[in-house]
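This report concerns only the one structure given below.
The values are calculated or read from the model by the stated rules, or taken from the named source; none is laboratory data. Everything numeric here is computed off the predicted structure, so don't read it as measured data. Cβ placement follows ideal geometry from the backbone for every residue including glycine, while neighbour counts extend to all protein chains displayed. Accessible surface areas use protein heavy atoms only, side chains included; no ligands, DNA or RNA. Shrake-Rupley method; radii C 1.70, N 1.55, O 1.52, S 1.80 Å.
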Amino acid sequence: MSLFPNVPKIQYEGRGSKNPFAFKHYNPQEVVLGKTMEEHLRFAVAYWHTYVASGTDPFGVGTAVRSWDSLSPMDKAKARVEANFELMEKLNMPYYCFHDVDVAPEGATLSESFKNLDTIVALLKENMKSTGRKLLWNTANLFTNPRYMHGAATTCSADVFAYAAATIKKGLEVGKELGAENYVFWGGREGYESLLNTDMKLELDNLARMLHMAVDYAKEIGFDAQFLIEPKPKEPTKHQYDFDAATTLSFLQTYGLKEYFKLNVEANHATLAGHTFEHELHVARINGALGSIDANQGDYLLGWDTDEFPTDLYSTTLAMYEILKNGGLGRGGVNFDAKVRRTSFTDEDLFFAHIAGMDSFARGLKAAAKLVEEKVLDSIVEQRYSSFKEGIGAEIVSGKATLKSLEAYALQNNKPIKLESGRLEQIRATLNEVIFSV
Ligand code: XLS
Ligand code: NI
Ligand code: NI
């Protein structure tokens, strides 16, 4: 039985197609820079936004109309599994991602919650086997339940810390059972509201303790997923410990965790931190820590995580540029951590939204490939820093120069210093031409 009977299988029809149920740019088998689009992009659907979110906002109840709305919690969970695999098939989406509580309802006790999870995980496994669809990552939701009001790994309650640890342990077992390629840690409430009642040092030490325990347990059970931390600067807490890529990398370094973790960089979290998406990707990349991305976009007029489907071609192009420069995402992928607007309440909107996101990333990939192939930005950057290629510049870069040798150079260098224009306007015009040509 189909849960989305009004939606056909989405095919690639190419630029100019007027069919809303067709890809205009995402052509999975098309080869770009030696790899298929499917291999480059590794798209994933986010369970929480697509099957669980109902369109509530602080002023109103849910608006989404879904065929599983009236079912009991366990039947609802089962219907969502069906919906997931039908949507993935129809969109030709290879991966999905979930939090434990997205797929199975919490029980009255921890062991009841585990039992519910086991039932649904078995069902997911069956469906993955019969459809060949895969799990990009799973994670534990350590932020929704009131027990996490003070945090999970950074809580003031040792009992809550233990509860969170048990939940992560289960998450790692589930990830192993389903062959997850990655396991994500987003520190939902790992942060604080006020220093007036906070022991920051203890909280950070405990966060590191929890992550070390997770690394050890994954090793113990032979779960070889890539571990990912997802930075976010605020929301829900005022001061989130994993503020942005740079802060998170420094935390990992301080606590001897860097070799075990990469970053899951989310576009809307980058802009909340006052950075562009490409800045965060670049910081992760040059530190060898770009693992995966949460593809969405924020609204520059609003100050929160609106998690919109990505349609901004400048952002997708520059994001894909960073990913190509990274040599790809490895075991990571492009997860649509994005939700339809409250007014887009029909099932069809779920498909239109993913088509828009997938096409925007496919087009971004094509534009980025052109930037790489034609060395558009590489040649600009190379030229701009060419003074470090020879003479005194080469001495600085090679480590030979000292303050003394540089003083001697500067004192005898009587020619006026010659500077070049940064040419940003011209570069942006060139970028426009590339984006509109693909
Ligand atoms: C919330 C986060 C969350 C993570 C997974 O803002 O983006 O959805 O991706 O816990
Ligand atoms: Ni996310
Ligand atoms: Ni987010």
Residues of segment 332-348 classified as open to solvent by less than 40 Å² (accessible area, probe 1.4 Å), more than 16 Å from ligand 3 (Cβ to nearest atom) and of a type in the set (Asp, Glu), total: 1
Residues (under 12 Å from Leu41 (Cα atoms) and assigned to a helix (DSSP H, G or I)) located in segment 322-340: Ile323, Leu324
Residues of segment 304-315 classified as open to solvent by less than 60 Å² (accessible area, probe 1.4 Å), within 15 Å of ligand 3 (Cβ to nearest atom) and assigned to a loop (DSSP other than H, G, I, E, B), total: 5
Residue check for Thr237: in contact with a strand residue (DSSP E or B) (Cβ under 6 Å, 6 or more places away or on another chain), within 14 Å of ligand 3 (Cβ to nearest atom) and hydroxyl-bearing (Ser, Thr, Tyr): yes
Within segment 320-339, considering residues that are within 16 Å of ligand 1 (Cβ to nearest atom) and either within 11 Å of the chain's Cα centre (by Cα) or not basic (Lys, Arg) (or both), the one farthest from Thr139 (Cα to Cα): Leu329
Residues located in segment 383-438, provided they are in a helix (DSSP H, G or I), surrounded by 10 or more Cβ atoms within 10 Å (Cβ to Cβ) and among the polar types (S, T, N, Q): Gln383, Ser386, Ser387, Ser405, Gln426, Thr430, Asn432
Qualifying residue in segment 316-331 (condition: open to solvent by less than 30 Å² (accessible area, probe 1.4 Å) and within 17 Å of Val52 (Cβ to Cβ)): no
